1. Quick one: count up the residues across segment 70-92 that are outside any loop (DSSP other than H, G, I, E, B) and surrounded by 12 or more Cβ atoms within 10 Å (Cβ to Cβ).
2. What do you reckon, is I129 open to solvent by less than 30 Å² (accessible area, probe 1.4 Å), under 21 Å from the mean Cα position of the chain (by Cα) and free of Cβ contacts under 8 Å to residues at least 60 places away in the same chain?
3. Among the residues of segment 13-34, count how many are open to solvent by 30 Å² or more (accessible area, probe 1.4 Å) and part of a helix (DSSP H, G or I).
4. Out of all the residues in segment 93-113, which are in contact with a Gly (Cβ under 7 Å, 6 or more places away or on another chain) and open to solvent by 30 Å² or more (accessible area, probe 1.4 Å)?
5. Name every residue in segment 46-69 that is buried (at least 16 other Cβ atoms within 10 Å of the Cβ) and modelled with pLDDT under 90, in order of residue number.
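The values are calculated or read from the model by the stated rules, or taken from the named source; none is laboratory data. The structure displayed is predicted, hence computed values, not measured ones. Neighbour counts run over all protein chains shown; Cβ positions are idealised from the backbone, glycine included. Each accessible area value is taken on the protein alone, full model and side chains, heavy atoms only, with ligands, DNA and RNA left out. Shrake-Rupley method; radii C 1.70, N 1.55, O 1.52, S 1.80 Å.
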Amino acid sequence: MGIPIDVPGRIGPMLREILTQVVNDPDMDQPVTLGVVMQAMHSGLVEHLQEEGRIDLENREALYGELKAAMEEFGSDALAANFIQAPVSDNLGMIIEEAVQNLRAPTLGGVRQAMLSGLTSTLVGRGMIDPDEDDTLLGEIDDLIDLHGEDALAEEFLGQEPDRSL
């Protein structure tokens, strides 16, 4: 089980973008830890993301300092994914809210199982979700499970808005 972390209070949007970039890198053949992220940053990742316009960095040293502080507090071997919480779509948010109200222990895995057992269809029937969203929503919950694990509490993903300031 991962380290429970108050993500909004721990990292800023630029470091979140860097962590996400490294965690989602399909070429990574090792667990992505904070130490691995630091290595990637020293290997040109920051400059690459700046060139792509994905981060607007005014103070490079502050970004490195932010990561160093996290490494000092949690260790360089802490999994980077524990510091990232992906925002959920409005439709998945509705599904999670429904699951939180109706399941005993609403984990991401439990929400996925509820979706497969008819929760999405129920919300479609109520007119709350477009019928064409089913595959998209399953993909979205699968992405969250891949990043945070089946046992992550689903309610932790409610009320998050995507960060569009990057």
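1. Of the residues in segment 70-92, 11 are outside any loop (DSSP other than H, G, I, E, B) and surrounded by 12 or more Cβ atoms within 10 Å (Cβ to Cβ).
2. No: the conditions fail for I129.
3. 6
4. Result: L103, single match.
5. Result: V46, L49, I55, L63.
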